[in-house]
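**Q** Just passing along the structure, written as structure tokens.
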Amino acid sequence: MLDEFLNVPRVAYFSMEIALRNEIPTYAGGLGVLAGDTLRSAAELRLPLVGVSLVSRAGYFRQEIDSEGRQIEKADTWDPSRWAQPLDAKVAVRMEDRPVWVGVWLYVVESHMGGRAPVLLLDTDLPENRTDDREISHYLYGGDEAYRLKQEMVLGFGGVRILRALDFEISAYHMNEGHSALLGVELLRRYMYPSDDVRPGELPYDLPRVRDLCRFTTHTPVEAGHDRFSYDLVKRLFASSVYGYDDRGAPPPGRPGAEHGPIDFALLSSLAGERELNMTQLALNVSDFVNGVAKRHAEVSSNMYPGYHMRAITNGVHPYMWSADVFRELYTRYVPGWCHEPELLVRVEEIPDGAILDAHARAKQALIDRVRALTSITLDAKVATVGFARRMTAYKRPELLFSDLARLKAIARARPLQIVLAGKAHPRDEEGKRLIARLHGLARELAGAVSVAFLPDYDLELALLLVAGADIWLNTPQPPLEASGTSGMKAAFNGVPSLSVLDGWWVEGCIEGVTGWAIQDAGSLYEKLEHLVLPLYYGASDGGSGWVRVMKGAIGRNAAYFNSHRMMRRYATEAYLR
Ligand SMILES: *Cc1c(COP(=O)(O)O)cnc(C)c1O
């Protein structure tokens, strides 16, 4: 079953979340979608990667909204046996006083062009484990601090061990966020100097060798967003981390190497911080290539962690995945080869204006139909539609567009507009949940003047409907907190320009009036909407061709560049081949 993936050395791509398909709820937001697009591009470009993540059987959560606008969280359980195959391997990760057994599922990402890439989903729900241990791999980002650390032990320690148990040859380990940083500790225990060569007072680990194997991508520009664990907790959970088992779960046959040695706290505090275990710091210290996910984000991260050579590889989205059917057809007809080489979309001028407008009108109608089905709100196909969908959390500022309702109504009186929103708040993000309720209140206040629809249960499928069906894609993060942002890139693949705060990818993607527009605050948002964007949309200034030109600007300048094929070709040549 695995043979086809074992013939070449592979890069092991670690991520706590991964969006494999809409039916598999193992993602919470942009990080997971990016991980999915990474593996989709790898399959398509035939780059040898293997994804490693948790199976998250209970998913993130399914979002319902009650009549007061409150988010209700339902378990989003999925059945791995429906989409993945169980593999015959099992490893033990010691926690506290006992082994926690980790099994594994194989999911194969298949490109519509024929390439395939394996993803390993780690699972502790095995009969050998205690009931509470069986749940370690159930809830994505669920539970308390101890639960999170257990998940990270399964991902980092378990992931490295399972790769070996399955006979993968790994040429590099790529950590995405600090969640998987414990893999570095596992490798350090694997690669130790023979004890004769170690001078007293020195640590016996071959750090240069491990650094040579590891790459780290940070995706969060705020210190508070990085995982840290108290050493009390770490000591309790790692207490008996003398591994009594080899990769296949058998007692050690006496293989040299230190996987059976205890976790060394002198090592941890030297790499991960003296006062607490900082997973980002650990990941930075065990990797000889580190990067941020946009140029601005790399700068912000260098300031946060001085002393590391922080590079920038700007994110991208998967071309085929994020183009609506109607645009796939257009591109295939007028820009053949675009699936493999999305750069070819610079030739967007080959596509007649009418064909672009027609494709967009169909995508917009699909969104309008869905809005009606989900909310019984009827939007108007002729009215400019602003789309905003993302994780609902304070820094994304979903309420910015609504900060002056009188102004918004006045703008809409002159030139009508309607708004479609979606997004989940993390179950423990009280502020995020308050924002969702507030948006529902604002929608009621605007009723009659501006139609506002909030679509529940934002997921991959809704995301595509929204980015393709909106006319204008809005993004209003608080700078510098948006590391990259990717939904605006998805919009570009569907000819939808962004109206966005200059942060993350938009610093690189915005050419004013050509690919979209930059805003700073609510004032400039209203100003541009009223005087630039809506007049252009309604063709007041030039009879209509101006709007298509911006749609083509989004495709030809942004989709052509901000795609995951370009991103993966850069990871391959700059990060993986070293
Ligand atoms: C693309 C996507 C995101 C990330 O969008 P941002 O613009 O980066 O916030 C989050 N959730 C889903 C379902 C997505 O498809």
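Bear in mind these aren't lab numbers, they're just calculated from the coordinates by the rules spelled out. Predicted model, so just to flag it, every value in this text is computed and none were measured. We place every Cβ from the backbone using ideal geometry, glycine too, and count neighbours over all the protein chains shown.
**Q** Rounded to the nearest 500 deg cm²/dmol, what is the calculated helix-only ellipticity per residue at 222 nm for the chain, with -39500 (n - 2.57) per DSSP H run of length n ≥ 4? Numbers along the way, then the final one.
**A** On the way: 23 runs with 201 residues, N = 578.
After summing the helix terms and dividing by residue count, I get -9500 deg cm²/dmol.
**Q** Now for a separate question. Roughly how many nanometres apart are two label points built 7 Å out from the Cα toward the Cβ at Glu512 and Ala406?
**A** Computed distance between label sites Glu512 and Ala406 equals 2.9 nm.
**Q** Which three lengths, in whole Å and largest first, does the range 426-578 cover when its Cα atoms are put on their principal axes?
**A** So the extents along the principal axes, rounded to whole Å, are 58, 49, 28.
**Q** To continue, here is another question. At q = 0.10, 0.15, 0.20 Å⁻¹, what log₁₀ I(q)/I(0) does the range 340-491 have when each alpha carbon counts as one equal point scatterer in the Debye sum?
**A** -0.38, -0.83, -1.35
**Q** Provide Rg and Dmax in Å for the chain, with only Cα atoms included in the calculation.
**A** Cα radius of gyration and Dmax of the chain are 24.4, 81 Å respectively.
**Q** If contacts are Cα pairs under 8 angstrom and at least 6 residues apart, what is the relative contact order of the range 3-287 in percent? Each step should come with its number before you reach the end.
**A** Values: 597 pairs, mean separation 55.0, N = 285.
19 percent.
**Q** Cross-chain or 8 or more residues apart, Cα under 21 Å: how many lysine pairs in the chain fit that? Count them up, please.
**A** Within the chain, the lysine pair count is 21.
**Q** Within the range 484-509, whose backbone N sits under 19 Å from a point 7 Å along Cα→Cβ of Ala361?
**A** Residues 494-497 fall inside that zone.
**Q** Using the alpha carbon gyration tensor of the range 65-104, what are the three equivalent-ellipsoid semi-axes (square root of 5 times each eigenvalue), largest first, in whole Å? Could you put the intermediate results ahead of the total?
**A** Working: eigenvalues 247, 71, 4 Å².
Those come to 35, 19, 4 Å.
**Q** Arg333 to Arg549: extension gain in nm, 0.36 nm per residue of separation minus the Cα-Cα distance? Don't skip to the end; give the middle numbers.
**A** Working: separation 216, 0.36 × 216 = 77.76 nm, distance 1.96 nm.
Gain on extension, Arg333 to Arg549, equals 75.8 nm.
**Q** Still on this structure: Mind putting together the pair-distance distribution for the range 252-371? All Cα pairs, 10 Å bins, whole percent per bin, short to long.
**A** The calculated distribution, bin by bin, is 11, 23, 17, 17, 17, 11, 4, 0.
**Q** If I model a spin label as a point 7 Å beyond the Cα along the Cα-Cβ vector, how far apart are those points for Glu445 and Asp369 in nm?
**A** 3.5 nm
**Q** So what J values fall out for the range 21-36 if you push phi through Karplus, 6.51 cos²θ - 1.76 cosθ + 1.60 with θ = phi - 60°, rounded to Hz, Gly and Pro as x?
**A** With the stated coefficients, the range 21-36 comes to 6, 4, 7, 10, x, 8, 8, 10, x, x, 4, x, 5, 4, 4, x Hz.
**Q** What is the mean projected area of the alpha carbon convex hull for the range 3-287, to one decimal in square nanometres? Could you put the intermediate results ahead of the total?
**A** Details: hull surface 65.6 nm².
If you wrap the Cα atoms of the range 3-287 in a convex hull and average its projections, you get 16.4 nm².
**Q** Between Glu350 and Arg413, what FRET efficiency comes out of the Förster formula 1/(1 + (r/R0)^6) with R0 = 45 Å and r the beta carbon distance, rounded to 0.05?
**A** Numbers: r = 40 Å, r/R0 = 0.88.
The value I calculate is 0.70.
**Q** At 37 °C and 0.692 mPa s, what whole-number value in µm²/s does Stokes-Einstein give for the translational diffusion of the range 420-490, with Rh from the Kirkwood sum over Cα pairs? Before the final figure, lay out each step's value.
**A** Details: Rh = 13.7 Å.
This corresponds to a translational diffusion coefficient of 239 µm²/s.
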